[in-house]
Amino acid sequence: MITMACHCTGCQQMTSSAFSLSSLYPSEAFSINSGEPVIGGLHGNTRHYFCGHCMSWLFTRPEGMDNFVNVRSTLLARISHRV
């Protein structure tokens with residue numbers, strides 16, 4: 001796992017901030033517990049997923065990196081996953 005800060009225009013628009021924080025996890029370590037995310041898109045074939053209720057950005061499946069998922073760090077329930 002690595003944690004990243006992205007400053008691209010797309011991430012700035014999705015987060016209404018100067019940057020976005022996210023953590024890269026192996027796909028097999030990631031699961032959706034409830035609900036069905038909505039697919040949106042900004043960076044070519046990279047798939048961004050949003051909450052169907054509030055449209056908050058939840059996670060990204062980077063193009064060409066099917067073995068990984070990029071999760072918004074601020075959405076992790078347990079603090080130990082953010083350290």
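Rule-based calculations on the coordinates, nothing more; no lab input. These numbers were taken from a predicted model, which means no experiment stands behind them. Cβ coordinates were reconstructed from backbone atoms using ideal geometry, including for glycine residues, and neighbour counts include every protein chain displayed.
About its Cα centre, the dipole of the chain is roughly 220 debye, where the only charges are +1 on Lys and Arg Cβ and -1 on Asp and Glu Cβ. With contributions of -39500 (n - 2.57) from each DSSP H run of at least four residues, the per-residue ellipticity at 222 nm computed over the chain stands at -2000 deg cm²/dmol. Taking a ≥ b ≥ c as the square roots of the eigenvalues of the Cα gyration tensor, the chain is classed as rounded, since a/c falls below 1.5.
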